[in-house]
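Written out below as structure tokens is the structure these notes cover.
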Amino acid sequence: MDFPLLPVAQLQIFLVVLARVAGFIGAIPVLASAQTPGRVKTMLVLVASLLLYPLMQDAVPQADFTPLALLLLVLSETLVGLLLALATRLIFTAVEFGASVVGFQMGFASANVYDPQSERQVELISQFQNVFAILVFLAIDGHHIFLRAVVTSYQLLPPGQFAVGGEAIPYLMRLASHMFIIGVQFSAPVLAVLLFSGLILGILARVFPQLNVFLLSFPLNIGIGFIVIALTLDLIATLVRREFDTLPERLATILSYLAF
């Protein structure tokens with residue numbers, strides 16, 4: 001059985017669709033990890049593009065692109081996907097930031113582990129909270145948000161209408177600043193308890209000068225920190241889910257700002 005080749009125009013449209021899907025799916029958490037094999041990422045991008053191509057081909061401008069115009073369009077579509085993935089990645093970065101502050105206060109400043117997702121050294125608590133956020137993300141079917149966002153993105157921002165300017169960059173800056181606020185919210189309960197623990201140890205040091213508060217503070221802060229983290233996991237899950245619930249609105253806002 002012979003399979004006819006796609007016309008050049010349809011192949012160009014497929015490349016445009018593939019570029020946005022590749023930039024979006026290839027940079028989202030879990031899939032962006034180095035632990036995910038490259039073949040799995042490639043096959044997932046190809047399958048998603050093939051499924052979306054019949055729906056999205058009408059949204060792509062029908063024209064015989066020159067090689068330079070096609071290259072610029074593919075690059076702009078890839079950048080759109082990366083910007084959308086960045087808005088999602090900020091949530092996980094906020095979790096890691098809050099956990100790193102907690103780990104520093106607990107005494108894990110010099111105890112780092114290799115994170116295969118980001119390919120860098122991270123604190124122990126950051127690694128734990130990041131894995132916990134990924135589990136929450138998968139439990140609420142967060143990956144479905146990305147598939148819906150890809151389809152919606154072609155309605156809000158058709159290919160060829162990408163423009164970096166206006167409110168797009170300031171909005172991303174506001175999301176980045178909001179990342180620090182979320183990080184403080186994640187770490188606030190543990191920091192408050194550890195601050196109270198430090199206050200008590202300071203009083204004991206004044207009352208009992210013979211007491212070695214420095215050595216006592218390490219196991220005490222670690223034990224108290226783990227207890228408070230265990231008691232506040234439901235709160236952290238609620239905060240993470242709240243951020244994921246607002247993700248479609250944020251992605252739609254970014255797309256509207258990126259349009260001409």
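The values are calculated or read from the model by the stated rules, or taken from the named source; none is laboratory data. Since the structure is predicted, the reported quantities are computational estimates derived from the model, not experimental observations. Because the Cβ atoms are built from the backbone with ideal geometry, glycine has one as well, and the counts that use them run over all protein chains shown.
Couple of notes before you dig in:
- In segment 148-168, the residues that are farther than 18 Å from residue 247 by Cβ form Cβ pairs under 6 Å with partners that are at pLDDT 75 or above and among the hydroxyl-bearing types (Ser, Thr, Tyr), at six or more places apart or across chains, as follows: 162/76; 166/257; 167/257.
- Only one of 150, 122 that is under 30 Å from residue 49 (Cα atoms), at pLDDT below 85 and either buried (at least 17 other Cβ atoms within 10 Å of the Cβ) or among the basic types (Lys, Arg) (or both): 150
- Given (1) over 15 Å from residue 139 (Cα atoms); (2) without any contact (Cβ under 8 Å) to a residue 60 or more places away in the chain, index of the condition residue 238 fails: (1)
- Within the option set 136, 80, 102, 95, being touching a Ser or Thr at 6+ places or on another chain (Cβ under 6 Å) and at pLDDT 80 or above holds for one residue only, 102.
- Among the residues of segment 31-41, just one is modelled with pLDDT of 70 or more and of a type in the set (Val, Ile, Thr), namely 40.
- Of the criteria (1) surrounded by fewer than 19 Cβ atoms within 10 Å (Cβ to Cβ); (2) at pLDDT 75 or above, which one residue 111 fails: (2)
- For residue 94, the test of being among the small types (Gly, Ala, Ser), assigned to a helix (DSSP H, G or I) and crowded, with 22+ Cβ neighbours inside 10 Å is passed.
- Selection of segment 168-194 for residues being closer than 13 Å to residue 105 by Cβ and either of a type in the set (Ser, Thr, Tyr) or loosely packed, with under 11 Cβ neighbours inside 10 Å (or both) yields only 187.
- Selection of segment 195-235 for residues being in a helix (DSSP H, G or I), surrounded by 16 or more Cβ atoms within 10 Å (Cβ to Cβ) and either of a type outside the set (A, V, I, L, M) or at pLDDT 85 or above (or both) yields 197, 217, 221, 224, 225, 228, 229.
- Condition check for residue 248: in a helix (DSSP H, G or I) and surrounded by 11 or more Cβ atoms within 10 Å (Cβ to Cβ): yes
- Which numbered condition residue 131 fails, given (1) touching a helix residue (DSSP H, G or I) at 6+ places or on another chain (Cβ under 8 Å); (2) part of a helix (DSSP H, G or I); (3) at pLDDT 75 or above; (4) not hydroxyl-bearing (Ser, Thr, Tyr): (1)
- Being out of contact with any His (no Cβ under 7 Å at 6 or more places or on another chain) and either of a type in the set (Ser, Thr, Tyr) or closer than 29 Å to residue 89 by Cα (or both) is true of residue 175.
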